[in-house]
Every structure is written in structure tokens, then in C-alpha cells.
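Data first, discussion second: the structure below is written as C-alpha cells.
The values are calculated or read from the model by the stated rules, or taken from the named source; none is laboratory data. Just so it is clear, the structure is predicted and the values come from calculations on it, not from any experiment. Here Cβ is always computed from backbone atoms with ideal geometry, including for glycine, and neighbour counts include all displayed protein chains. Remember, those area values only see protein heavy atoms, side chains included, never the ligands or the DNA or RNA. Shrake-Rupley method; radii C 1.70, N 1.55, O 1.52, S 1.80 Å.
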Amino acid sequence: MLLSRFWYMFLAVLAGAAAGAALLSQGIINARTQDQVAEQLRRDRLELDTILKIEARMRLDRISFITVDPKLGSTLKSAAGVTDEKQLSRLSSEAKDALRAQVARVLEAGGPEAKGGDLAPEIVIAVDIAGRIIGQLGSLEANPPGHSLATYPFVDRALRGYVRDDVVVYDRRVYRVAARPVLQGGEYVGAIVHGYRFDNAFVE
């Protein structure tokens, strides 16, 4: 009888040890799996950051020569301080013509496959030195000419002479944008904003 009780206790201890070992092994496996997932996420984030930086650099490069267009620069310089609606409308028309011509040059440089493809921007905006929209291609639903974009940090920095990219909500949509200052006669007279919609195709 005593022997059988000892045998039961031995089996109970053995079962407990086995269960403990199993739990410990599972804990080690889980910890290793978590470490592997965390490392994979770190690698993915670095890769994604690199992709986004390269893509942003490309967007900034695409508008580099637009910012030194003399016609556009002259229009933005003339727009400084103008409040008359008719005069603003005329300047807006001139700015749009200049933007269309420059965007056409970008697409032409990209070849036949660029037209209507990835190079075609979904918004292009020219703002004066105060950050007011003077000319805009693309959606005009929420922000007509004369509306200010100066509150956007990336626009504010561009007006101060820096190149900037960002992801912003504009006209109720999310865009990847780039901005560069516009030079005219050795002075900053405004900025160009160039953007693509942040859509499912880009995310994929």
C-alpha cells in the first residue's frame, strides 16, 4: 500500500515536471518567435523608409526645373500682395499655363509610357511668397486660387528656401507631396507643390 502511494506520488511529480518542461519549451519558442517577428518588422521598416526616401527624392527632382521657369517666377512675383479678384484670376490663368507646359516637359522626358502613368502628378500647385494658391492643376474642390497653404509646414519651409516632402490631407484626400522654392531674380517668390494620391495601388 505504501509502495503504491509512493508510485502515485512519483508519477505525479514526473507529470508535473513534464508539464513544466513543456511550458518552458513553449515559452522559449514563443520568445524566439517574437524576436524573429520583431527583427523582421525592423528590417521591413528600414526597407520601407528607404523606398519612401527614394520616392520622395524622385518627386523633388521632377519639379526642380519648374522652380526656375522665368514665366512662372515672374507670375508669382507679380502676385505678391495682389488682392483684386480679376487680377488674381488673370495671374492664376498664367500660372496654370506655365504649370501645364512644365508638367508636359516632365512627361515628355519620361517617354511615351510616362503619359498618364506614374509620372503624371495628381496635383501641382504654385503658391506666392505668402503661401496663397495662384495656380493649381488637379482637384479644385476645396481650395480655389487665393486660398492659403502657408499653414502646411512643408509649404512654410519651402517658402523659406528648403526642399521638403510630406504626407498630407488636402482637399479631403491623402497625398504624398513635395515642395521646392521658386526663384526669380535671385529671390524667393513662391513655391511649387507636386503631389500624388496615397492610394491602395501605392500601398500594395
> How would ILE129, ILE54 line up by accessible area, probe 1.4 Å, largest first?
Replying inline: ILE54, ILE129
> GLN34 to ALA150: FRET efficiency via 1/(1 + (r/R0)^6), r the Cβ-Cβ distance, R0 45 Å, to the nearest 0.05?
Replying inline: 0.45
> So between VAL203 and ASP84, what do we pick up on full extension, going 0.36 nm a residue minus the alpha carbon distance?
Replying inline: 38.6 nm
> Given H placed on each backbone N at 1.01 Å, which residues far from TYR170 in sequence or on other chains put an amide H within less than 5 Å of it?
Replying inline: TYR175
> Which sequence of LEU183, LEU137, LEU41, LEU149 reflects their accessible areas, 1.4 Å probe, from the largest down?
Replying inline: LEU41, LEU183, LEU137, LEU149
> Roughly how many nanometres apart are two label points built 7 Å out from the Cα toward the Cβ at GLU108 and VAL68?
Replying inline: 1.8
> By per-residue mean of other Cβ atoms within 10 Å, what is the highest-first order of 87-96, 164-173?
Replying inline: 87-96, 164-173
> For the stretch 146-200, with every protein chain kept in place, what is the accessible area per residue (1.4 Å probe, Å²)?
Replying inline: 47
